[in-house]
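Just below is one structure, and these are the notes that go with it.
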Amino acid sequence: PFQVVGGKVKKPGKRGRKPAKIDLKAKLERSRQSARECRARKKLRYQYLEELVSSRERAICALREELEMYKQWCMAMDQGKIPSEIKALLTGEEQGKAQQNSTKLAKPGKAEANSSNP
């Protein structure tokens, strides 16, 4: 039943290292510490996910409001009315284009002609 290898007697059955005798209290304390750290990581992960969800919900609300505004604009334009916001956007773009042209071109008279042409 015993085997002699290199002058040492080996018992059959178990292989590899024998577990070192670990102090039970230290092992329990390590286990508790590991559990505390795990709970802390879990809490942080859930906080992060909750913040992510709330920020996405806010973005969704903002996009819904924007969509509703565009629907209102479309209904107004279907009735032949041009919303003041669109007029402001169009006049702002024309002024922006005129300013860009005046900075690009050496002749300011040409830029003035473009800006007076709606």
Which members of region 27-48 meet the condition of being at pLDDT below 95 and open to solvent by less than 100 Å² (accessible area, probe 1.4 Å)? LEU28, GLU29
Per-region count, region 56-95, residues of a type in the set (S, T, N, Q) and surrounded by 10 or more Cβ atoms within 10 Å (Cβ to Cβ): 3
With the condition kept exactly as written, say whether any residue in region 96-113 is surrounded by 11 or more Cβ atoms within 10 Å (Cβ to Cβ) and either within 36 Å of the chain's Cα centre (by Cα) or at pLDDT 95 or above (or both). yes
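The values are calculated or read from the model by the stated rules, or taken from the named source; none is laboratory data. Everything numeric here is computed off the predicted structure, so don't read it as measured data. Cβ coordinates were reconstructed from backbone atoms using ideal geometry, including for glycine residues, and neighbour counts include every protein chain displayed. Surface areas here come from the heavy atoms of the whole protein model, side chains and all, with no ligands, DNA or RNA. Shrake-Rupley method; radii C 1.70, N 1.55, O 1.52, S 1.80 Å.
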